[in-house]
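The values are calculated or read from the model by the stated rules, or taken from the named source; none is laboratory data. Owing to the predicted nature of the structure, the values given are computational and were not obtained by experimental measurement. All Cβ positions, glycine included, derive from the backbone under ideal geometry; neighbour counts span all protein chains shown. Just so you know, the surface numbers come from the protein's heavy atoms only, side chains and all, with ligands and any DNA or RNA stripped out. Shrake-Rupley method; radii C 1.70, N 1.55, O 1.52, S 1.80 Å.
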Amino acid sequence: MKHFLNTQDWPLDDLQAVIDGGKSFRGIPVHPHLTGKSIALLFFNPSLRTRTSFEIGAFHLGAHAVVLQPGQDAWPLEFEMGVIMDDEAEEHVQEAASVLSRYCDLIAVRAFPKFMNWQEDRQDKILNAFATHSSVPVINMETITHPCQELAHIMALQDRLGDLKGRKYVLTWTWHPRPLNTAVANSALMIATRFGMDVTLLCPDEEFLLDERYLSNARKNALETEGAFQVSHDIESSYDGAEIVYAKSWGAIPYFGRWDEEKPKRDRYKHFIVDECKMAMTNEAIFSHCLPMRRNVKATDQVIDSQNSIVLEEAANRMHVQKAIMCDLLGVPMTTNTHTQKDLTHASST
Ligand code: CP
């Protein structure tokens with residue numbers, strides 16, 4: 001069964017094909033490729049972009065999306081095998097995934113870490129349980145990585161810069177009042193190195209490094225693509241000559257579950273904000289962020305609203321690439337064709 005859990009599992013050509021498919025959907029948004037199909041969107045966490053773009057994207061393709069929030073409007077779920085279910089959960093993922101597979105053609109899951117124990121969270125149990133017990137393809141809508149965001153990001157960068165190989169890319173940690181998920185940062189490292197860029201992970205100190213799994217993927221990708229990957233704690237040299245600045249905040253992994261101890265350390269690094277002074281050191285760098293983003297905390301108004309900011313383009317691309325992912329997983333050609341569009345135009349005018 002082919003799933004979309006991580007980009008690292010997919011060949012680069014297939015990722016580029018999905019991005020190209022997304023570009024063609026951008027030209028002709030309404031296209032009945034998935035008429036009669038359905039997708040269950042399971043949200044264990046809040047969302048604005050992901051929920052809206054999947055729901056509208058499915059609608060554009062003639063498919064129906066069902067949104068479920070386990071523990072709120074759907075039964076709370078159990079994910080451990082062989083347990084006595086005498087706590088909160090009313091249903092096991094074994095039945096939930098099997099039942100949804102009988103109603104739906106696709107299942108998509110958003111399940112952030114619980115932020116208490118990284119060794120537990122890094123197993124990505126909820127997503128993997130759905131992949132194991134579903135008989136239809138499963139899509140990761142953000143767990144400990146965010147692969148849909150990765151493709152939207154690359155699509156927006158390609159639109160502005162063309163070929164990305166060798167481009168100087170900086171993923172910078174930024175301050176935030178709360179510890180946040182490392183998913184987008186993990187994803188940014190993997191996809192930027194996958195596309196052969198010269199990638200710098202800029203973070204305050206070693207405690208803010210990402211999980212070794214993603215650092216090692218980034219090193220391996222950089223070797224394979226003849227790109228580069230390095231870690232820096234120096235703001236000036238990281239920004240110097242950068243062509244892309246991607247901002248993200250995340251909680252320091254050694255402090256998972258002990259956030260009161262991490263906060264005073266994190267609070268020393270508010271100066272990691274992306275501002276005009278730092279952007280002036282770059283080679284007219286493109287700026288982006290996955291959103292949502294607290295203004296004047298992670299980046300200043302001037303940076304977010306500048307001509308070089310692609311935050312809205314990247315967000316818009318989410319819908320386009322997700323349409324292509326849904327089609328690809330269901331074996332439907334991703335490109336639009338003009339005949340069908342003419343038929344639609346004709347149908348709507350008669
Ligand atoms: N970038 C992103 O996934 O946005 P939401 O959390 O609003 O879905």
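Structure above, values below:
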{"item": "Charge dipole of segment 48-142 about the Cα centre (unit charges at C-beta), most positive-ward option of LEU77, HIS60, ASN140", "result": "HIS60"}
{"item": "Kirkwood estimate for segment 147-312, i.e. one over the average of 1/r between Cα atoms, Å", "result": "15.7 Å"}
{"item": "Dipole axis of segment 147-312 (+1 Lys, Arg; -1 Asp, Glu on Cβ), positive-most option in GLY166, TYR255, SER237", "result": "TYR255"}
{"item": "Contour minus Cα-Cα distance for TYR103 and LYS125 (0.36 nm per residue)", "result": "5.6 nm"}
{"item": "Pair-distance profile P(r), taking every C-alpha pair of segment 1-157, with 10 angstrom steps and integer %", "result": "10, 38, 37, 12, 3, 0"}
{"item": "Computed E for GLU276/VAL332 - FRET, C-beta separation, R0 41 angstrom, nearest 0.05", "result": "0.35"}
{"item": "With every protein chain in place, the chain: carbon and sulfur % of accessible area (1.4 Å)", "result": "52 percent"}
{"item": "Per residue, in Å², the accessible surface of the chain once ligands and nucleic acids are set aside, probe 1.4 Å", "result": "43 Å²"}
{"item": "LYS114-GLN72 pseudo-label distance in nm [points 7 Å out on the Cα-to-Cβ vector]", "result": "2.0 nm"}
{"item": "Low-density loop positions, GluC sites (Glu not before Pro), segment 161-227 - DSSP coil, at most 15 other Cβ in 10 Å", "result": "GLU226"}
{"item": "Check: the chain dipole with +1 on Lys, Arg Cβ and -1 on Asp, Glu Cβ, in debye", "result": "720 debye"}
{"item": "Point-to-point label distance, LEU215-LEU291, nm (Cα→Cβ direction, 7 Å offset)", "result": "3.3 nm"}
{"item": "Mean Kyte hydropathy of 0.0 or more with a Cα span along the axis of at least 18 Å, helices from DSSP in the chain", "result": "147-161, 311-329"}
{"item": "Cα centroid separation - segment 241-300 against segment 59-132, whole Å", "result": "31 Å"}
{"item": "Pairs of Cα atoms farther than 32 Å apart, the chain, %", "result": "32 percent"}
{"item": "Size of electric dipole in segment 147-312: Cβ of Lys, Arg +1 and of Asp, Glu -1, about Cα centre, debye, nearest 20", "result": "420 debye"}
{"item": "Length added when fully stretched, THR35-TRP259, from 0.36 nm per residue minus Cα-Cα", "result": "75.9 nm"}
{"item": "DSSP loop trypsin sites (Lys or Arg not before Pro) with at most 16 other Cβ within 10 Å excluded, longest remaining stretch of the chain", "result": "3-113"}
{"item": "Within straight-line cross-link reach of LYS2, aspartates and glutamates at Cα separation under 13 Å, skipping those fewer than 8 residues along the same chain", "result": "ASP14, ASP105, ASP328"}
{"item": "Length added when fully stretched, THR132-GLN16, from 0.36 nm per residue minus Cα-Cα", "result": "39.1 nm"}
